[in-house]
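Scroll down for the structure; my scribbles are underneath it.
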Amino acid sequence: MVREADGLIDLRSDTVTKPTPAMRRAMAEAEVGDDVLGDDPTVQRLEALAAQRVGKEAGLFVPSGVMANLVCLMTLTGRNEEVILGDQSHLYTAEVGGLGIFGNVFLHVLPNLPDGTIPLERLQGAIRDAIYTPKTRVISLENTHNRCSGAVLPMDYIQQVATLARARGVYLHLDGARIFNAAVALGVDAAEIARPFEVVNFCFSKGLCAPVGSIVCGGAAFIQEARRTRRMLGGGMRQAGVLAAAALVALNEMIDRLAEDHEHARILAEGLANITGVHIDPARVQTNIVIFELDPATGWTSATLLSALKARGVLLSLSGTRLRAVTHYGITRADIDHALRVIQQTLTQRP
Ligand SMILES: Cc1ncc(COP(=O)(O)O)c(C=O)c1O
């Protein structure tokens, strides 16, 4: 891994990762065709492998995680229907309400608990099918859960939601942008996590380091219909094999090393817990996302600390009003130790 010339420790997101040397080589050599016409062999290989990894029949390569969520949920829903989702979900907090706007779908929002779940009894009471309400068509979960400190949803919880959904004739969708972080944290195959869901999407361009791309996976008939939705959203790409080639390297080479990111996040969270003025429960940090708050007595706000740290070469981001650090490929143990020192030193000063 080549350290950036600017020497910054960039913990804003795992999306800042750049393609690895193996990805760049694969991109340069990729065999391509027109994927909208169904001619790109590299995209086809990627779609088959990705679907296999999450135990589904077929896959569909799309440009982004946001579009993957849109394609899944617009394909599953029709007019007068709704999707139940959490108030902390990426879909609800960070996708401009696109599902409501482009999809004409009602967003039925329920509170997430800090562990990323939505209580089962809330889901039970929320599903509806009356003449005067939208009809519930999908429940959408997120795993790992970005705004809930990268929480991994418990497998028995997912199973209970799936049983409920099946009994009530509702589809289950997974925004699995970071499903492999969940799989590595639990020590299970991603297919096991994905099994209870009819449709799943995940990203190549986060911790897996590919420059661009996400995938939608599900049954063959669903994917055929999803292809039409992707086209409508303008997500059909032509010689997309150049991008798929990097995503194939992501799937083949970049999953197991996520454990290292989780270890770095744990060290960061434990170090932060020892800094006066920082509020964090390190036990909440199960994967690569560390979210913390500042005690008002420090005189610092998240925003003022963010800019002071930036001036000292450590980049964090905001998650709502809290601070967020995400570990990823290229961030070393030494970087974590350095970031902790900088945060501690900065907090001992007045803003
Ligand atoms: C859980 C989750 N879903 C979807 C997305 C959207 O991905 P993108 O921004 O690459 O479109 C993100 C991005 O951070 C995410 O964290």
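Brief remarks follow.
- When the alpha carbon gyration tensor of the chain is reduced to an equivalent ellipsoid, the three semi-axes, largest first, read 33, 26, 17 Å.
- The residues E31, E121, E95, when put in order of fewest to most other Cβ atoms within 10 Å, stand as E121, E31, E95.
- Cα long-axis angle, helix 241-253 against the chain (0 to 90 degrees, to the nearest 10): 60
- The mean sequence distance of close C-alpha pairs (under 8 Å, at least 6 residues apart), as a share of the length of region 21-253, puts its relative contact order at 32 percent.
- Principal-axis analysis of the Cα atoms of the chain puts helix 41-53 at an angle of about 80° to the longest axis.
- Annotation: amide H of V278 within the under-5 Å range of D295, sequence separation 5 or more or interchain, hydrogens built in the peptide plane.
- Relative exposure of V184, V326, judged by other C-beta atoms within 10 Å (fewest first): V184, V326
- Gain upon complete extension [R231, D34; 0.36 nm per residue less C-alpha separation]: 69.6 nm
- Distance between region 202-230 and region 96-130 - C-alpha centres, whole angstrom: 22
- In loop segments of region 145-191 as defined by DSSP, the trypsin sites (Lys or Arg not before Pro) with at most 14 further C-beta atoms inside 10 Å of their C-beta are R168.
- Taking the square roots of 5 times each eigenvalue of the Cα gyration tensor of region 226-351, largest first, gives ellipsoid semi-axes of 35, 18, 13 Å.
- Alpha carbon centroid spacing (whole Å) that separates region 276-291 from region 1-80: 29
No value in this document is a laboratory result; all are computed from the given coordinates. Computed from a predicted model, the values in this text were never measured in an experiment. FYI the Cβ positions are ideal-geometry reconstructions off the backbone, even for glycines, and counts take in every protein chain you see.
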